[in-house]
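Asks: Below: one structure in structure tokens.
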Amino acid sequence: MRWFGFGFNAFGQICAQKEKSDEGEANTTEVKIISPTELSTTVDGSGCSFKTRKIQASWSRRVSLRGDGDRCVFLAGFKSFPSAESSGCTDAFISESHLTLAFQDRIETWNLQEEDKTPSWNMEISAQPESSVSLPAGVNLPLAPGGYITSKPPFYYHLSAQLKAKSLALGGGHAVLLTAAGDVYTWGLGSHGQLGHGGLASEEKPRVVEALCGMPMSSVASGGWHSACISDIFLTEGGDLYVWGWNESGQLGLPSRGLWRASQHKSSQQSGEKPEESGTSLDGEQQEEDKHEEVFISIQAFPALLDVSQSCEIQKVSCGSRHTAVVTNTGDLYTWGWGEYGQLGHQTLMSSDEPQRVEFFKDEQMRVIDVVCGTWNTFAAAIKKDDAYS
Amino acid sequence: MASLWSKISAVLPASEADFPLQFSDTVQQSVVEVLKWCRRQLYSGATSPGQAALNAQIVLDVSWEKLNMGTWRHVDKEWRRVYSYGCLFKVAALCHEDPLVERLLQAVRTCDLGLLMGAAIMDDILQVIVRILQSEIRRSGEEEHQRDRAEVKRIKTESPHIPEIKDECAVPRIKCPSLETFKTSFLIPLRPVILEGIIDHWPALNKHPWSVEYLRSVAGCRTVPVEVGSRYTDENWSQTLLTVDEFIDKYILKKDGGNVSGYLAQHQLFEQVPELKEDIRLPDYCCLGERDEDEVTVNAWFGPGGTVSPLHQDPQHNFLAQVVGSKYIRLYSPEDTDRLYPHQSQLLHNTSQVEVESPDFERFPEFAVAPYLECVLWPGDVLFIPVRHWHYVRSLELSFSVSFWWS
């Protein structure tokens with residue numbers, strides 16, 4: 001399994017700067033990586049290469065969780081010190097200010113801004129599965145026994161055991177929770193419809209997304225101002241993707257007025273006419289926009305089913321700040337939303353309000369099996385097609 | 001003649017060491033790192049403007065996301081400062097080489113975004129820079145006013161339909177009352193009144209009479225927030241950012257033939273464009289308030305005929321000064337609030353559900369017996385709207401008003 005990354009790389013979190021100029025600044029070409037680039041394999045003390053089983057990324061960093069042997073974490077990006085104290089780590093979660101590590105017997109949250117000798121917060125965990133986390137393997141960060149962990153003091157928040165929390169996605173200002181029964185709960189800021197309750201009100205406590213009741217979900221994801229979930233494939237006609245929240249950059253895969261306007265501007269610039277000079281062109285533009293009026297969606301306050309690609313089941317979904325990425329059962333990676341840092345992987349800096357396949361993997365005859373989004377970048381795990389069954 | 005860059009350099013700190021970049025812990029070190037890259041590039045001769053612009057854009061993008069998280073009130077001021085720094089660095093990158101007008105306009109817009117959404121940095125340096133940019137634009141002489149003159153004459157000849165004001169409902173008028181008279185007869189009893197003759201000395205009404213052409217020349221390239229849609233209680237109401245030129249073309253002159261309403265409303269234009277501030281004066285009567293004079297909020301209201309502010313109340317006293325054009329205004333006392341059916345929601349509880357000029361008496365029967373005062377406000381008039389007095393405003397023609405909210 002090989003990991004690839006594309007998008008924001010100003011801190012070398014995808015691939016390290018090869019040449020540092022005298023002033024130590026980022027090179028233009030390397031800030032935005034527009035095509036999937038393989039993450040360099042890390043090598044440990046004994047010369048064995050580091051198999052990455054999980055990746056998590058924040059705005060300026062990336063954490064890789066080693067899948068074998070010592071189970072260490074490797075940190076890349078802004079001020080990253082390889083962490084030796086992390087052997088035996090079972091899970092990792094990163095935010096812009098803190099790194100949370102889970103071990104067999106404890107969970108620790110470290111402040112990435114200081115070189116502290118002790119974690120900012122920690123808790124001991126017992127081996128018993130007597131907790132609100134129903135996963136047999138232990139915790140599922142940011143879920144912890146009895147609650148969840150954030151990146152600001154007091155760090156730990158309690159969750160009712162009745163919820164039977166299975167996984168939790170923390171977005172820009174909101175949270176999306178998946179329960180063992182397949183229900184979706186949301187809370188936090190709602191100003192952009194990201195809670196999916198049909199309005200713009202914020203919620204202080206977890207509230208079930210009623211529109212999805214009766215349809216068990218298998219995974220949830222959250223971005224800056226949007227949310228997504230996948231319906232369980234073990235029940236009838238599963239593998240569908242539902243999205244809701246803000247669509248200003250097309251991150252919901254629905255028609256976005258902002259993107260339409262930007263593309264109109266570009267085409268009129270290319271054809272050489274200045275909109276202000278010819279009165280008729282302004283007229284035509286306004287009429288065109290009025291025609292599409294009902295179609296544009298800037299806020300989707302209830303979950304909407306998004307057709308990513310015909311006759312495909314969605315297996316994984318992840319959200320960055322303003323973009324979305326999914327992996328299908330056919331091993332394809334689709335991305336859409338804000339693309340100005342190359343985070344869509346389509347070899348361009350354009351945003352898109354329509355799901356598009358990342359052709360790189362198809363061209364390389366690779367099958368994508370996992371995707372994780374950082375704030376402004378995307379990481380995908382892929383295997384060679386003929387290795388699929390090995 | 002000094003180059004644009006040398007003029008801008010002159011207002012920036014002399015060296016990198018003199019350039020402050022201090023932030024609270026709210027701003028993560030990784031973001032400060034990018035700001036440091038920008039600062040270094042600003043003072044090093046070696047950087048390409050493309051690189052500098054790229055790093056400035058990173059700062060703008062990351063702070064923009066913070067500014068849009070949650071309600072405006074809760075946005076940490078530190079992020080607004082970061083946003084302003086982003087604007088500053090972007091403007092510097094745009095102005096390095098002899099920029100053409102297109103670039104200058106982009107730089108002005110960038111300054112305006114910083115002034116509108118950021119927080120003042122380095123002694124309000126964006127304000128200083130935008131002034132330099134505006135004089136640079138004027139020097140390169142983009143004179144399109146000739147054809148506008150003909151169009152503006154077209155607007156002026158339209159004759160609006162003036163509603164008839166019944167004597168028994170008319171807002172009383174008084175010419176230049178003394179402070180004492182105003183206080184005793186109107187302020188303390190909270191009675192609306194139109195003050196005549198108190199703004200005759202405003203340059204906006206004599207030396208620099210405000211007009212569409214004057215506005216274009218002083219602020220044409222400046223970016224301002226515009227309300228689009230018939231009224232703020234409507235579903236399709238929204239706000240957008242346009243230059244004053246674009247606003248005039250699209251919503252005053254209606255060059256694109258559209259019929260959507262646009263209103264430059266409730267905007268502190270005079271903070272953004274200090275030249276316009278010199279054309280107005282703070283009404284003397286504001287000194288009768290308890291608060292300081294610099295706490296008076298001054299807003300501009302500029303739009304075509306037909307703009308409507310639905311019936312609502314404000315938490316402060318208001319002097320509404322009419323400079324250009326005329327407005328129809330109706331006032332209801334806070335004592336009659338029950339007859340005005342305010343919205344229940346938190347967001348709109350200060351706004352009535354009733355359409356004042358075409359009320360639905362089936363849904364709002366009591367409105368028919370709610371007593372009111374009404375008037376047509378003409379240039380030179382100043383309407384005193386006492387605190388929490390309900391008011392409805394409709395412009396009868398191209399109109400420019402200035403409101404003073406004081407306590």
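Asks: Can you confirm whether A:S58 is open to solvent by less than 20 Å² (accessible area, probe 1.4 Å), at pLDDT 80 or above and within 14 Å of another protein chain (Cβ to nearest Cβ)?
Replies: Numbers: open to solvent by less than 20 Å² (accessible area, probe 1.4 Å): yes; at pLDDT 80 or above: yes; within 14 Å of another protein chain (Cβ to nearest Cβ): yes.
For A:S58, the condition - open to solvent by less than 20 Å² (accessible area, probe 1.4 Å), at pLDDT 80 or above and within 14 Å of another protein chain (Cβ to nearest Cβ) - is met.
Asks: I'd like the full set of residues that are touching a Pro at 6+ places or on another chain (Cβ under 8 Å) and β-branched (V, I, T), limited to segment A:325-352.
Replies: Narrowing segment A:325-352 to residues touching a Pro at 6+ places or on another chain (Cβ under 8 Å): A:326, A:334-336, A:345.
Once the filter is applied, which keeps residues that are touching a Pro at 6+ places or on another chain (Cβ under 8 Å) and β-branched (V, I, T), segment A:325-352 yields A:V326, A:T335.
Asks: Run down A:G258, A:G245, A:G250, A:G224 and say which single residue is part of a helix (DSSP H, G or I), open to solvent by less than 50 Å² (accessible area, probe 1.4 Å) and closer than 24 Å to B:T240 by Cβ.
Replies: On the way: A:G245 fails: part of a helix (DSSP H, G or I); A:G250 fails: part of a helix (DSSP H, G or I); A:G224 fails: part of a helix (DSSP H, G or I).
Sole residue among the options that is part of a helix (DSSP H, G or I), open to solvent by less than 50 Å² (accessible area, probe 1.4 Å) and closer than 24 Å to B:T240 by Cβ: A:G258.
Asks: Let me ask something else. Please find, within segment A:88-109, the residue that is modelled with the lowest pLDDT out of those that are open to solvent by 60 Å² or more (accessible area, probe 1.4 Å) and in contact with an Asp or Glu (Cβ under 9 Å, 6 or more places away or on another chain). Before you say what the answer is, go through the steps one by one.
Replies: Initial filter on segment A:88-109 (open to solvent by 60 Å² or more (accessible area, probe 1.4 Å)): A:104-106.
From what is left, the residues that are in contact with an Asp or Glu (Cβ under 9 Å, 6 or more places away or on another chain) are A:105-106.
Numbers: A:D105: 86, A:R106: 89.
Among those residues, the one meeting the criterion is A:D105.
Asks: Moving on to the next point. Identify, from the list A:G171, A:G146, A:G190, the residue that is closer than 30 Å to A:G77 by Cβ and either modelled with pLDDT of 90 or more or of a type in the set (G, A, S) (or both). Outline the logic, then answer.
Replies: On the way: A:G146 fails: closer than 30 Å to A:G77 by Cβ; A:G190 fails: closer than 30 Å to A:G77 by Cβ.
Going through A:G171, A:G146, A:G190 in turn, the sole match is A:G171.
Asks: Further question: Give me the residue from segment A:186-205 that is assigned to a strand (DSSP E or B) and farther than 17 Å from A:A304 by Cβ and, out of that set, farthest from the other protein chains (Cβ to nearest Cβ).
Replies: We begin by selecting, within segment A:186-205, every residue assigned to a strand (DSSP E or B); these are A:186-188, A:203-205.
In the following step, the residues that additionally are farther than 17 Å from A:A304 by Cβ were identified as A:187-188, A:203-205.
Values: A:W187: 14, A:G188: 9, A:E203: 13, A:E204: 14, A:K205: 17 Å.
For segment A:186-205, the residue satisfying everything is A:K205.
A quick yes/no check of all residues on (1) open to solvent by less than 40 Å² (accessible area, probe 1.4 Å); (2) touching a strand residue (DSSP E or B) at 6+ places or on another chain (Cβ under 8 Å); (3) at pLDDT 95 or above; (4) not in a strand (DSSP E or B):
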position: A:R207; (1), (2), (3), (4): no, yes, yes, no
position: A:C229; (1), (2), (3), (4): yes, yes, yes, no
position: A:I233; (1), (2), (3), (4): no, yes, no, yes
position: A:T236; (1), (2), (3), (4): no, no, no, yes
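Asks: While we're looking at this one, here's another question. State which residue is most open to solvent (accessible area, probe 1.4 Å) when the search covers only segment B:205-222 and only residues that are closer than 23 Å to B:G306 by Cα and small (G, A, S).
Replies: B:S211
Asks: Which residue is nearest to the other protein chains (Cβ to nearest Cβ), if the candidates are limited to segment A:312-342 and must be within 13 Å of the chain's Cα centre (by Cα) and in a loop (DSSP other than H, G, I, E, B)?
Replies: A:S321
Asks: Tally time: how many residues in segment B:193-204 are open to solvent by 10 Å² or more (accessible area, probe 1.4 Å) and part of a loop (DSSP other than H, G, I, E, B)?
Replies: 4
Asks: Being assigned to a helix (DSSP H, G or I), modelled with pLDDT of 95 or more, open to solvent by 50 Å² or more (accessible area, probe 1.4 Å) and within 12 Å of chain A (Cβ to nearest Cβ) narrows it down to one of B:E65, B:E33, so name that one. Spell out how you get there, then give the answer.
Replies: Values: B:E65 fails: open to solvent by 50 Å² or more (accessible area, probe 1.4 Å).
Criteria check complete, one pass: B:E33.
Asks: While we're on this one: Tell me, which helices (runs of 4 or more DSSP H) wholly within segment B:223-336 include 2 or more residues that are buried (at least 20 other Cβ atoms within 10 Å of the Cβ)? Break it down into steps so the answer makes sense when it comes.
Replies: Values: elements: B:244-247, B:269-272, B:274-277.
Helices (runs of 4 or more DSSP H) meeting the threshold: B:244-247, B:269-272.
Asks: Looking only at segment A:295-311, filter to residues that are within 19 Å of A:G223 (Cα to Cα) and within 14 Å of chain B (Cβ to nearest Cβ); which one of those is least open to solvent (accessible area, probe 1.4 Å)?
Replies: A:A301
Asks: Inside segment A:136-181, can you point out the residues that are farther than 24 Å from A:V243 by Cβ and of a type in the set (F, W, Y)?
Replies: A:F155, A:Y156, A:Y157
Asks: Report every pair of residues separated by at least 6 positions or lying on different chains whose Cβ atoms are under 8 Å apart, first residue within segment B:365-385 and more than 16 Å from B:G197 (Cβ to Cβ), second of a type outside the set (V, I, T) and open to solvent by 60 Å² or more (accessible area, probe 1.4 Å).
Replies: B:E366/B:D338; B:E366/B:R339; B:F367/B:R339; B:F367/B:F361; B:A368/B:F361; B:V369/B:R339; B:A370/B:R339; B:E374/B:K166
Asks: Do any residues in segment B:44-55 that are facing chain A (nearest Cβ under 7 Å) and in a loop (DSSP other than H, G, I, E, B) have Cβ atoms under 7 Å from those of residues that are of a type outside the set (A, V, I, L, M, F, W, C) and surrounded by fewer than 20 Cβ atoms within 10 Å (Cβ to Cβ), where the two are at least six apart or on different chains, and which pairs are they?
Replies: Once the first residue is facing chain A (nearest Cβ under 7 Å) and in a loop (DSSP other than H, G, I, E, B) and sits in segment B:44-55, its partners that are of a type outside the set (A, V, I, L, M, F, W, C) and surrounded by fewer than 20 Cβ atoms within 10 Å (Cβ to Cβ) give B:S44/A:E23.
Asks: Looking only at segment B:68-78, count how many residues are more than 10 Å from every other protein chain (Cβ to nearest Cβ) and assigned to a loop (DSSP other than H, G, I, E, B).
Replies: Residues meeting the conditions: 2.
Listed here are the residues, each with its yes/no results for (1) assigned to a helix (DSSP H, G or I); (2) surrounded by 22 or more Cβ atoms within 10 Å (Cβ to Cβ); (3) more than 10 Å from every other protein chain (Cβ to nearest Cβ).
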residue	(1), (2), (3)
B:A2	no, no, yes
B:K7	yes, no, yes
B:P13	no, no, yes
B:R80	yes, no, yes
B:V91	yes, yes, yes
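Asks: Taking the condition in contact with a Cys (Cβ under 6 Å, 6 or more places away or on another chain), closer than 30 Å to B:D200 by Cβ and surrounded by 16 or more Cβ atoms within 10 Å (Cβ to Cβ), does B:W406 pass?
Replies: Values: in contact with a Cys (Cβ under 6 Å, 6 or more places away or on another chain): yes; closer than 30 Å to B:D200 by Cβ: yes; surrounded by 16 or more Cβ atoms within 10 Å (Cβ to Cβ): yes.
So B:W406 fits the description; yes.
The values are calculated or read from the model by the stated rules, or taken from the named source; none is laboratory data. Computed from a predicted structure; not experimentally measured. Glycine also receives a Cβ, built like all others from the backbone with ideal geometry; neighbour counts cover every protein chain displayed. In case anyone asks, the SASA skips ligands and DNA or RNA and just uses the protein heavy atoms, side chains included. Shrake-Rupley method; radii C 1.70, N 1.55, O 1.52, S 1.80 Å.
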